[in-house]
1. Out of all the residues in region A:52-63, is one or more within 14 Å of another protein chain (Cβ to nearest Cβ) and at pLDDT 90 or above?
2. When you scan region B:167-230 for strands (runs of 3 or more DSSP E) that lie fully inside it, which ones turn up with 2 or more residues that are among the hydrophobic types (A, V, I, L, M, F, W, C), at pLDDT 85 or above and touching a Leu at 6+ places or on another chain (Cβ under 7 Å)?
3. Would you say B:Ser13 is out of contact with any Asp or Glu (no Cβ under 6 Å at 6 or more places or on another chain), away from every other protein chain (no Cβ under 14 Å) and either at pLDDT 85 or above or surrounded by fewer than 23 Cβ atoms within 10 Å (Cβ to Cβ) (or both)?
4. Among (1) more than 19 Å from the chain's Cα centre (by Cα); (2) assigned to a helix (DSSP H, G or I), which single condition is A:Pro179 missing?
5. Considering region B:46-73 alone, what residues qualify as being polar (S, T, N, Q) and in contact with a helix residue (DSSP H, G or I) (Cβ under 9 Å, 6 or more places away or on another chain)?
6. Can you find even one residue in region A:101-108 that is without any contact (Cβ under 8 Å) to a residue 60 or more places away in the chain and closer than 30 Å to A:Glu211 by Cβ?
7. Of the numbered conditions (1) touching a residue at least 40 places away in the same chain (Cβ under 8 Å); (2) under 25 Å from the mean Cα position of the chain (by Cα); (3) surrounded by 20 or more Cβ atoms within 10 Å (Cβ to Cβ), B:Leu176 satisfies every one except a single condition; which is it?
8. For A:Gly247, work out the one condition from (1) modelled with pLDDT of 85 or more; (2) farther than 30 Å from B:Gly326 by Cβ it doesn't fulfil.
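The values are calculated or read from the model by the stated rules, or taken from the named source; none is laboratory data. Please read these numbers as outputs of a predicted model, since none were measured by experiment. We place every Cβ from the backbone using ideal geometry, glycine too, and count neighbours over all the protein chains shown.
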Amino acid sequence: MISAVEAPAERKGGTSFGVLLQRFGTLAIFIVLVIVATLWSDAFLSRPNILNVLRQVATGAGIMAVGMLFVILTRGIDLSVGSIQALGSVLTGYFVAMSGYGPLVTILLVLLAGGACGLFTGLFVAYLRLPPFVMSLAMLAIARGLALIISDGRPIPLGEPGSAFTSFGSGFLWGIPQPVLLMFLVFILGGIVLNYTRFGRVITAIGSNEEAVRLAGIPVPRYILAVYVLSGVLAAVAGVISSSRTGVGSAQVGVGAELNVIAAVVIGGASLMGGRGGVINTFLGALIMGIIANIMNLAGVPGYHQQVYMGAIIVVAMLLQFGTGALKR
Amino acid sequence: MTELARLHAITKSFGGVHALRGVDFDIRAGEVHALLGENGAGKSTLMRVLNGEFPPTSGEIVIGGKPVHLRDPHAAREHGIAVVHQELALAPDLSVAENIFLGELPGVIGWGALKARARGLIERLGFQIDPGAIVGTLAVAHQQVVEIAKALSRDVKIIVFDEPSAVLSAQDAGRLHRIIADLRGQGVGIVYISHRLEEIFKISDRMTVMKDGQNVGTVNNGDITIDELIRMMVGRPLSAMFPERGRRTIGQEVLRLDRINAGRMVQDVSLSVRAGEIVGLGGLVGSGRTEVARAIFGADRLDSGSIHINGKPVQLRTPVHAVKAGIGLVPEDRKLHGVILDKPIRVNATMARLSAVVNALGFLRQGLERKLVTELGQSLRLKASSIDAPVSSLSGGNQQKVVLAKWFHAGGDLIILDEPTRGVDVGAKTEIYALINKLAEDGKAVLVISSEHQELFGLCDRILVMGQGELKGELLPADYSEERLLALSMTGRTTAPAMGEAA
């Protein structure tokens, strides 16, 4: 009966306004923001300021946003990234200062630790089908706690200024801060994986219709596990960078970072219902967050007020992204 | 007997599709009026009209001698009409008492009085259920009791039971029948929809048979035999929609099931399908057909029994194993399980064997993929603007071709199709049938599940008939008739017993 009622809904294809907005909405917001910022302050388009924004994005939400995008594409969420960043920062300090390991070994061990955190969350989410929100919330607490235990709540200095580590975080290559170059690399690799590999194809499909993918004989849990591991590793990378830039391993970094990261991905047009989102738009989303903070700094908005404005601007961005789609329905 | 309600010349159409055409139906006080017909005959739609869920396109509803207009189920309730739905319409997280009085809860709830009233209603039905228990934790039979208590919570003149016994054990069904007999004794008019003919002969006073949205006839119990009743339910001309049975060569056995059990709906099922053979799995909805398919495909766990593919024993714990073993499933619910609606045709078509379009490093070979999918689309006569169009932009028939394309691409040895032409228009059906035939001509073993009996007769080399989770028997082309198939599914015999025996 019902099947006869539901005549096949022929949806109009082509380039309707909604489709355009979905694809280029983030870019439009970005351009408008750049124009506003330029008019607002002459300092905005200056080279040091642009580099400053980029570096803040790179050490903040930028790199983690790629991992979060992959998680969100599978219809998941990872709230633990800020804590894993802190754990990464502390472990970097610990391995360099206490254990005396070289940079390479240290980085490898820290990334392993981040991956292990992701593995823990991912195992429960992928195989026991527990909600990612709750599981990553648990990891948020665990990783932050571990960071505090290891550092005993105190910053761990990485050693003399000018060592291999600190020079990376504050150094330049070809006139561009090195963390920014690393962020570009992560985004480019992320884009290649998402668009040109089996892995990217499958995780996007899982977010759209997990059951159909499962019934096509694809081992869905393995892929879900992988995105959480990836997210954990990238959060640890962010931890390494932040310790390298500040010269200390600290359990206090990345508090609330998960919210900025999720906001960047969602402003980038990714759907929290999975299956939709792209690397370029996520990058723009992260930049938008960075530019907003930058404008407010240039305009001299007091720190406490900034948070309120940031929240309000996210709401406006979301309305522009999705509001028109909801109105059409 | 007084007439409680009369539906007069009811027609209901959904955008050009006539679900009901001029149906007359009446309900009298103190009777059990059984409503029968195949899946899709219009029984549930008719009851939804009575319940105010669907306003009729034309026709008249008369209650207590006065024509009425039922705006919504609430209005029907005001007239004393209640429906116990096929899928229980209960809120699983609420308590028994809350469910019973849902929709008429006062602003401030007096829990003590409410629970006492709930207890009274349930006891009237001869059951003991704690009114504070959470409905989701109750057995299905007890949930059914709650649903009935809900119907009785207000003054009720007519109760409709939509396939109530489908989910009940024989013992619980017996208790339900006693409840119905009590209600009947109190002068309530009861409409009883069921596929279990023996049950209908046991409890009903009158029977109305529907077919293709029309009332075939209303008869008194005692004036008809099961055989005659089945004949009323079937009998439509065999259309020329089906492909010529091609020059298929039947080869080796591809699938063999040995006494597999999986849950309540798959009991001791043994069957085999050979290469190049199309085997039908018939029987009514809820007879266990889909569950057998799910068990073969690794979607549900086997309790016991063994599965052989190409002569080798296999353990199919997940669909991953099944696809590796060379099994493909075209699922019943296309939109939920068959396709990824918002993804392009290309992505859907290669999903079941991505290895063919991926290089050693895991990179997609998109050029090759485009070429493969384009060719596949042409050979399946897929109508789409491009292979990059999302599946949601396609008609039902073309969406189904995308699902078939997926399994053509996967290239397994066994394809299971569950309701392959559901929601597909007539023209596209013929094409789907041709494609199913092509699968078999290519030497694949094909298992087709369908509620459309003519579809099975037109396609299959033989039909295995299921009923209540068991394999009831096999029909060969010489025996193909809807009477035989229905009788086999409902009674386990190809020739229905004489009426006296059943009553």
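1. No, the conditions are met nowhere in region A:52-63.
2. B:189-193, B:206-211
3. Working: out of contact with any Asp or Glu (no Cβ under 6 Å at 6 or more places or on another chain): yes; away from every other protein chain (no Cβ under 14 Å): no; either at pLDDT 85 or above or surrounded by fewer than 23 Cβ atoms within 10 Å (Cβ to Cβ) (or both): yes.
It is false that B:Ser13 is out of contact with any Asp or Glu (no Cβ under 6 Å at 6 or more places or on another chain), away from every other protein chain (no Cβ under 14 Å) and either at pLDDT 85 or above or surrounded by fewer than 23 Cβ atoms within 10 Å (Cβ to Cβ) (or both).
4. Single failed check for A:Pro179: (1).
5. B:Asn51
6. No, every residue in region A:101-108 fails to be without any contact (Cβ under 8 Å) to a residue 60 or more places away in the chain and closer than 30 Å to A:Glu211 by Cβ.
7. (1)
8. Condition not satisfied by A:Gly247: (1).
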